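What follows is a short report on a single structure.
The values are calculated or read from the model by the stated rules, or taken from the named source; none is laboratory data. As the structure is a computational prediction, the values presented were derived from the model and not from experiment. Because the Cβ atoms are built from the backbone with ideal geometry, glycine has one as well, and the counts that use them run over all protein chains shown. Keep in mind that these areas ignore ligands, DNA and RNA; they rest on the heavy atoms of the full protein, side chains included. Shrake-Rupley method; radii C 1.70, N 1.55, O 1.52, S 1.80 Å.
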Protein chains: 2
Amino acid sequence: MKYGRTYNFSAGPATMPEPVLEEIRDEMMNYRGSGMCVMEMSHRSKVFQQIIDEAEADLRELMNIPDNYKVLFIQGGATLQFAMIPMNLMKNGKAVYIETGAWSKKAIAEAKKYGEVIVAASSKDKNYSYIPDCSDLDIPEDTDYVYICENETIHGVTWPKLPNTKGHILVSDQSSMFLSKPCNVADYGMIYGGVQKNIGPAGLAIVIIREDLIREDLDPKTPIYMSYKTHADAGSMYNTPNCWAIYVCGKVFKYLK
Amino acid sequence: MKYGRTYNFSAGPATMPEPVLEEIRDEMMNYRGSGMCVMEMSHRSKVFQQIIDEAEADLRELMNIPDNYKVLFIQGGATLQFAMIPMNLMKNGKAVYIETGAWSKKAIAEAKKYGEVIVAASSKDKNYSYIPDCSDLDIPEDTDYVYICENETIHGVTWPKLPNTKGHILVSDQSSMFLSKPCNVADYGMIYGGVQKNIGPAGLAIVIIREDLIREDLDPKTPIYMSYKTHADAGSMYNTPNCWAIYVCGKVFKYLK
């Protein structure tokens, strides 16, 4: 194999397309005449603004993301999202979670810190080896959202079809399946994923969220970094973002187009 | 200039040493016979463990960090630290902050969410153009820590000497001066910085914290990612860290040695 590269079947981080790595290598000492590497440039520069704008535009095209959804680039991985989701989306302090393996369990444990968590279905009885029937869940009227991990890497189960949320907002962790199959974004209130499993380098989560779910009236103890509004209002640049990961993901999006 | 690179005097992100960029470029397609780029490898692999271990060891050597201090690699930049510091270090719910410019102001605003903040000295009267006299501050006995931003990039002031904390713990934001001059780590309870100003690529903060300050008994609403104990117990790998930034910073540390 060229460059002596291994066949990497790891569950993650992602193997990256060789042409993408070659381009990154060739732009290392001087990105397109800017005189610098992307790691050295200001996130407030025109050249980086173009990189992040193109990355977002290409992802929007790939996933056919409707205009009323924001695309946010946030640090901290899925782990930080496990807390950000209840902090931002629990208006009534109540959410339904479906327990299907290690990652939904972690999300449940974190959400319990911020409100009532109803585990409406679970496959714990058979060591998370199947996806429970979610066609007729018992969902209280005032539930803020229904949460699933759409692909559980450790227990190896994936959702064949989405749960019936009975009109409630669906939030999905797509970390290990991001861009792996067609997905109708409008079926979800929010889709998110750490990019390192399927797209690019670790250190970045992508959040695709319906605009009307972005709230201002959060608990006053919410860290400013953990408000989706902070990131949405600042075009994901309230503080210095993970510019490198955005650059690399942007190249992968272009490659996939 | 070689490669047509610019002279980059930007206040940040950091200009990187050319030999470091050349090494990264040359390791892009296959890192030292591993068959992959660092962006593609598991953070649980031996080869990445060696990268993070060496980065930490080299930083310890460069800064002469005592053994009773932990070195943590955390995502979210200084902005997430503005909240993590009071969440983790406010035992009595009280801290003294010195207001010297834009960055200490942001830290103060965030800390106020979690406890009582006493601004014991400020240079606001002259638009943050000087460092106030901190030789005899009025510091309540039960203050948990004294906080400074040791170099304020926007207002352009730096501390000629550290404040007299009267035996209280000193916490310092060194983002824009990290590794720029000798620093006696034992004078501080905690030193931290976003690495993008002085060392490497954005998306990583380095926290150097005295072990006894790492607590377990935090507010139950603290996100698991925002507990220093989470990161300390897991060797900065509770979840997938920003492997790329750790790899690049490690190379810069080796270059500086």
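Run down A:Asn64, A:Asn88, A:Asn8 and say which single residue is within 30 Å of A:Ile169 (Cα to Cα), of a type in the set (S, T, N, Q) and open to solvent by 10 Å² or more (accessible area, probe 1.4 Å). Please lay out each step first, then the result.
Details: A:Asn88 fails: open to solvent by 10 Å² or more (accessible area, probe 1.4 Å); A:Asn8 fails: within 30 Å of A:Ile169 (Cα to Cα).
None of the other options fit; the residue is A:Asn64.
When segment B:163-181 is examined, which residues are found to be open to solvent by 60 Å² or more (accessible area, probe 1.4 Å) and at pLDDT 95 or above?
Filtering segment B:163-181 for residues open to solvent by 60 Å² or more (accessible area, probe 1.4 Å) gives B:164, B:166-167, B:180-181.
Passing the criteria: B:Asn164, B:Lys166, B:Gly167.
For the structure I just gave you, tell me whether B:Thr100 is polar (S, T, N, Q) and surrounded by fewer than 22 Cβ atoms within 10 Å (Cβ to Cβ).
Details: polar (S, T, N, Q): yes; surrounded by fewer than 22 Cβ atoms within 10 Å (Cβ to Cβ): no.
For B:Thr100, the condition - polar (S, T, N, Q) and surrounded by fewer than 22 Cβ atoms within 10 Å (Cβ to Cβ) - is not met.
If the Cβ limit is 7 Å and pairs must be 6+ apart or interchain, which residue in segment A:1-26 that is more than 7 Å from every other protein chain (Cβ to nearest Cβ) pairs with which residue that is at pLDDT below 90 and exposed (fewer than 15 other Cβ atoms within 10 Å of the Cβ)?
Listed by first residue and then by second, the contacts come to A:Glu18/A:Lys2.
Can you spot a residue in segment B:12-30 that is of a type in the set (Gly, Ala, Ser) and closer than 27 Å to A:Leu72 by Cβ?
Let us first name the residues in segment B:12-30 that are of a type in the set (Gly, Ala, Ser), namely B:12, B:14.
Restricting the remaining residues to those that are closer than 27 Å to A:Leu72 by Cβ gives B:12, B:14.
Yes - at least one qualifying residue is present in segment B:12-30.
Do we have B:Leu21 as in a helix (DSSP H, G or I), closer than 18 Å to B:Val252 by Cα and within 16 Å of the chain's Cα centre (by Cα) here?
Working: in a helix (DSSP H, G or I): yes; closer than 18 Å to B:Val252 by Cα: yes; within 16 Å of the chain's Cα centre (by Cα): no.
No; evaluated as a whole, the condition is false for this residue.
Can you go through B:Tyr192, B:Tyr188, B:Tyr225, B:Tyr238 and tell me which one is over 28 Å from B:Trp159 (Cβ atoms) and in contact with a strand residue (DSSP E or B) (Cβ under 9 Å, 6 or more places away or on another chain)?
Values: B:Tyr192 fails: over 28 Å from B:Trp159 (Cβ atoms); B:Tyr188 fails: over 28 Å from B:Trp159 (Cβ atoms); B:Tyr238 fails: in contact with a strand residue (DSSP E or B) (Cβ under 9 Å, 6 or more places away or on another chain).
Every option except B:Tyr225 fails the conditions.
So in segment B:39-55, with the set limited to residues that are more than 8 Å from chain A (Cβ to nearest Cβ) and touching a Cys at 6+ places or on another chain (Cβ under 9 Å), which one is nearest to A:Pro17 (Cα to Cα)?
Taking segment B:39-55 as the starting set, the residues that turn out to be more than 8 Å from chain A (Cβ to nearest Cβ) are B:44-55.
Keeping just the survivors that are touching a Cys at 6+ places or on another chain (Cβ under 9 Å) gives B:48, B:51-52, B:55.
Details: B:Phe48: 20, B:Ile51: 23, B:Ile52: 25, B:Ala55: 27 Å.
Residue satisfying both the conditions and the ranking: B:Phe48.
For residues that are assigned to a helix (DSSP H, G or I) and among the small types (Gly, Ala, Ser), scanning just segment A:39-61, find the one that is surrounded by the fewest Cβ atoms within 10 Å (Cβ to Cβ).
The initial filter retains those residues of segment A:39-61 that are assigned to a helix (DSSP H, G or I), namely A:39-40, A:46-61.
Of the ones still in play, those that are also among the small types (Gly, Ala, Ser) are A:55, A:57.
Working: A:Ala55: 25, A:Ala57: 14.
The extreme case among them is A:Ala57.
Pick from segment B:215-249 the residues that are assigned to a loop (DSSP other than H, G, I, E, B) and aliphatic (A, V, I, L, M): which of them is farthest from B:Val38 (Cα to Cα)? Walk me through how you get there before you give the answer.
First, pick out the residues of segment B:215-249 that are assigned to a loop (DSSP other than H, G, I, E, B): B:215-223, B:227, B:234-242.
After this cut, where a residue has to be aliphatic (A, V, I, L, M) as well, the list is B:218, B:234, B:237.
Values: B:Leu218: 35, B:Ala234: 20, B:Met237: 16 Å.
That would be B:Leu218.
Mind checking which residues of segment A:133-162 are closer than 24 Å to A:Pro182 by Cβ and surrounded by fewer than 17 Cβ atoms within 10 Å (Cβ to Cβ)?
Answer for segment A:133-162, where residues must be closer than 24 Å to A:Pro182 by Cβ and surrounded by fewer than 17 Cβ atoms within 10 Å (Cβ to Cβ): A:Asp133, A:Ser135, A:Gly156, A:Thr158, A:Pro160, A:Lys161, A:Leu162.
Quick one: A:Val119 ticks every box in (1) without any contact (Cβ under 8 Å) to a residue 60 or more places away in the chain; (2) crowded, with 17+ Cβ neighbours inside 10 Å; (3) in a strand (DSSP E or B); (4) in contact with a helix residue (DSSP H, G or I) (Cβ under 9 Å, 6 or more places away or on another chain) except a single one, so which number is it?
(2)
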